Amino acid sequence: MNEYYLQKAVAELPRLIETTVTPAVESKTLFRGDRIIIDLGDHYVGYFSFRMNWVDLYVDAPVRLYVKFCETKRELEDDFAAYQGRLCASWLQEEVINVDFPGEYRMPRRYAARYIEITVKSTPKRFVLSDFAFRAVTSGDVSAVASPVIANDRLREIDRVAVNTLKNCMQRVFEDGPKRDRRLWTGDLRLEALANYYTFRNDGLVRRCLYLFAATEPNDKGFFPGFLYEDPVFVSGSWYLMDYALLLVVSLCDYYRHTGDRETFLDLYPAAKSQMEAAARAVDGEGILSIPNGCDAFIDWCPDLRKGIALHGVYLYTLDLLAGVLQELSHADAEMCFTRLESAKTAAFEHLHNKEENRFVSPRDGDQYSVHSAVWMILGGVVDGKEGVRILHDALKSADSLKPVTPYMHHYVIEAMFKLGLAEEAMDYLRDYWGAMVDLSADTFFEAFIPGQPDFSPYGDRMINSMCHAWSCTPSYFIRRYACR
Ligand code: RAM
């Protein structure tokens, strides 16, 4: 662990802003088997409390309650006992609590919820629950968010939900999802930081997260882990995602571009450089970034996706951004970055592009055809102009290509459209995809979403999906950057 970087991160610990939400629920007289549902009116992250009191006779045994926290209305009907997913069931937000005495009861754990269901499991006597309160926490200061004129109603609504999503994921770090995982992931950080520059402007939080990653332990190939924990103790993650390691470098470049903070950039540059060196070592004889043992790539949760081409695209994209920033800073490494970029681009065209089909498919990825490969080759600058547009449209329209399943990957589809000058198409795409979540009454945007497949989950059971997920917040970035006055 790098103590210097860790101390820099510690110094940027944000203040959490607290707001107490008091739902409009009357006090309720309850007995065994009764069930009540509290609607907070919006999705929040925080701590729940209430008061318990007796009605006619003192309650002379503990009141046992089952309390379930739901991010969406649909979750209220889910039976958590039937959960069959591959992630640990303990992420499902449910508790059995025993209220021993009358008075205020504060639940100690943090939850992400709009709805709270309380079922009375056992009680000796009737009792009253009242004074329901939810102490919401976030490090996103809503008063700092500008309210630009967004002429289109649909986009305005999408922007509102996206800001809410980001707000609820902004805690001590940019969390990925406040219901599940609750940790800092590089890929999520990159997108949250982008949206943050156009909304909350909590640049100190971005700095803190960059320093936290720079403090992690690289694996034997030199890559930082894709995630970390920092509370109550700093723990370096154990999954080495090469695209995420590169996106750390991208995030640092974005940070410099949006803040002009040269000092922080240079302070963190050695960490970024170590990731570029690790990547350069993983480039094989054909000039393509390969995935060494002990490493992995994420790209998307699309089942069976082969990731080689897309990963190489992430490498090109990173080299391109970094070379630009280094050149602007007259840094000696700019030259080397440009050289690597050019040879990696030539190699991509040579080995990842199928000349007959004029597509990015390669035996290296089992000749698999995907939107992911096309998008990342475009973002990596391997094709552009009319050719890029054709390749993207073919991949999106083809019945044979694998399609994105997460808002994370859809973000990069839209980025590719903007890169190709397809601004209008990009905004339509955004409106259709994120708008479909708004049509499902989303208060916050979901971790994974395939329109028309409401039960899709990357984890084998929808109940574990996070319904307020950081990487889904980027409509605010696109809308505020490109569609506002
Ligand atoms: C999941 C989380 C997180 C993501 C990783 C790769 O566990 O959803 O957001 O970054 O996967």
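Numbers below:
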{"quantity": "Difference of contour (0.36 nm per residue) and Cα-Cα distance, residue 42 to residue 16", "calculated": "7.5 nm"}
{"quantity": "Accessible-area composition of the chain, carbon plus sulfur, in percent [1.4 Å probe]", "calculated": "49"}
{"quantity": "Relative packing of 308-314, 286-292, 146-152, which averages over residues the other C-beta atoms within 10 Å, highest first", "calculated": "308-314, 286-292, 146-152"}
{"quantity": "Amide proton proximity set for residue 370, modelled H, under 5 Å, gap of 5+", "calculated": "402"}
{"quantity": "Residue (of 136, 155, 173) at the positive-pole extreme of the stretch 132-182, dipole from beta-carbon charges", "calculated": "136"}
{"quantity": "Net lengthening on full extension, residue 77/residue 125 (0.36 nm per residue, minus Cα-Cα)", "calculated": "14.5 nm"}
{"quantity": "Whole-Hz couplings from phi, Karplus 6.51/-1.76/1.60, listed for the stretch 162-175; x for Gly and Pro", "calculated": "5, 5, 4, 4, 5, 3, 6, 8, 8, 10, 5, 9, 7, 6"}
{"quantity": "Dipole-positive endmost among 234, 19, 301 within the chain (Cβ charges, Cα centre)", "calculated": "19"}
{"quantity": "Residues of type lysines that residue 403 reaches as a straight line, Cα spacing below 18 Å, ignoring anything fewer than 8 places off in the same chain", "calculated": "307"}
{"quantity": "Rounded to the nearest 20 debye, dipole of the chain from Cβ charges on Lys, Arg, Asp, Glu", "calculated": "940"}
{"quantity": "Restraint check, 68/121; 345/397; 73/121; 273/419; 68/179; 345/386, Cα-Cα greater than 20 Å", "calculated": "345/397; 73/121; 273/419"}
{"quantity": "Amide proton proximity set for residue 235, modelled H, under 5 Å, gap of 5+", "calculated": "229, 230"}
{"quantity": "Among 46, 282, 358 - extreme Cα towards positive end, dipole of the chain, charges at beta-carbon", "calculated": "46"}
{"quantity": "Percent of Cα pairs exceeding the 25 Å cut-off, where the set is the stretch 298-409", "calculated": "23"}
{"quantity": "Estimated distance in nm for a label pair at residue 432 and residue 358, the labels positioned 7 Å out from Cα along Cα-to-Cβ", "calculated": "2.3"}
{"quantity": "Separation of alpha-carbon centers, the stretch 257-295 and the stretch 407-485, rounded to whole Å", "calculated": "28"}
{"quantity": "Debye, to nearest 20: dipole size of the stretch 20-138, +1 on Lys, Arg Cβ, -1 on Asp, Glu Cβ", "calculated": "180"}
{"quantity": "Loop-located trypsin sites (Lys or Arg not before Pro) in the stretch 296-357 whose Cβ has at most 10 other Cβ within 10 Å (DSSP)", "calculated": "355"}
{"quantity": "Spacing of the two label points (7 Å from each Cα toward its C-beta) at residue 263 and residue 109, in nm", "calculated": "4.3"}
{"quantity": "For peptides 399-409, 156-166, 373-383, sequence by mean Cβ density within 10 Å, most packed first", "calculated": "373-383, 156-166, 399-409"}
{"quantity": "The stretch 371-411, relative contact order in percent, only Cα pairs under 8 angstrom and at least six apart counted", "calculated": "51"}
{"quantity": "Relative contact order %, the chain, counting alpha carbon pairs below 8 Å whose residues are six or more apart", "calculated": "19"}
{"quantity": "Amide H partners (placed H, <5 Å) of residue 359, local residues excluded", "calculated": "354"}
{"quantity": "Cross-link reach list, aspartates and glutamates versus residue 8, counting only Cα pairs under 20 Å and skipping chain neighbours closer than eight places", "calculated": "175, 203, 217, 230, 231, 254, 261, 263, 267"}
{"quantity": "Point-to-point label distance, residue 146-residue 3, nm (Cα→Cβ direction, 7 Å offset)", "calculated": "4.3"}
{"quantity": "Karplus (6.51, -1.76, 1.60) ³J(HN,Hα), θ = phi - 60°, over the stretch 294-309, in Hz, Gly and Pro reported as x", "calculated": "x, 10, 8, 9, 9, 6, 5, 8, 4, x, 6, 5, 8, 10, x, 5"}
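The values are calculated or read from the model by the stated rules, or taken from the named source; none is laboratory data. Every value quoted in this text rests on a predicted model; they were computed, and no experiment measured them. Methodologically, a virtual Cβ is constructed for each residue, glycine included, from the backbone with ideal geometry; neighbour enumeration extends over all protein chains shown. The protein model used for the area step is the full one, side chains on, heavy atoms only, and it has no ligands, DNA or RNA in it. Shrake-Rupley method; radii C 1.70, N 1.55, O 1.52, S 1.80 Å.
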